[in-house]
Amino acid sequence: MPRRTVPHTVRMLRKLLLLALTAAYAWVIWRMTLTPHVFTSAENSLVLHAIAWAQHLPHGSWLTYDRTEFLANIAMFVPVGMIAAMWLPRRWWFLAAVVAVALSAGIELAQGALLPYRVSDPRDVLSNGLGGLLGATLVGFVRSLLPAPRRRRLRARTV
């Protein structure tokens with residue numbers, strides 16, 4: 001009997017940790033996408049200075065604000081794809097990218113309809129979807145390297 005409760009307890013703990021991670025990152029996504037202003041003026045100034053500094057580096061002239069935002073959106077949705085893939089069965093990891101695109105499309109619709117200070121941009125759906133695909137692929141790849149969990153056989157009860 002104790003053998004059976006330990007793996008169940010570990011599985012439940014993993015699910016609780018994944019739930020906590022999901023909730024925490026959902027708050028980050030909400031904060032970054034569905035609030036009127038992402039950055040304060042000081043933070044925005046810091047971002048602009050960082051981009052200007054990077055542009056002065058050798059081969060850094062290609063890094064514009066739009067490209068930085070595109071790359072940041074990819075990076076922001078990599079964890080979304082990873083978390084979604086961890087909720088899905090091993091063989092269904094690729095659906096996490098679909099989840100990321102659907103979430104991104106919903107965010108862009110909400111920004112366009114409800115947030116006049118935010119700009120709804122279809123390129124964000126593309127970059128967020130790429131990030132979700134990258135995260136989901138990473139989880140799918142790592143899971144493919146791990147041994148498949150052993151399935152427990154159901155045994156008939158004998159009375």
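Here ALA113 passes the criteria (1) crowded, with 20+ Cβ neighbours inside 10 Å; (2) farther than 30 Å from PRO147 by Cβ; (3) among the hydrophobic types (A, V, I, L, M, F, W, C) except the one numbered (1). Given the residues THR9, THR64, which is the only one that is out of contact with any Cys (no Cβ under 7 Å at 6 or more places or on another chain), at pLDDT below 95 and closer than 27 Å to SER120 by Cβ? Every option except THR64 fails the conditions.
The values are calculated or read from the model by the stated rules, or taken from the named source; none is laboratory data. Since we're looking at a predicted model, the values are computed, not measured. All Cβ positions, even for glycine, are placed from backbone atoms using ideal geometry, and neighbour counts span all protein chains on display.
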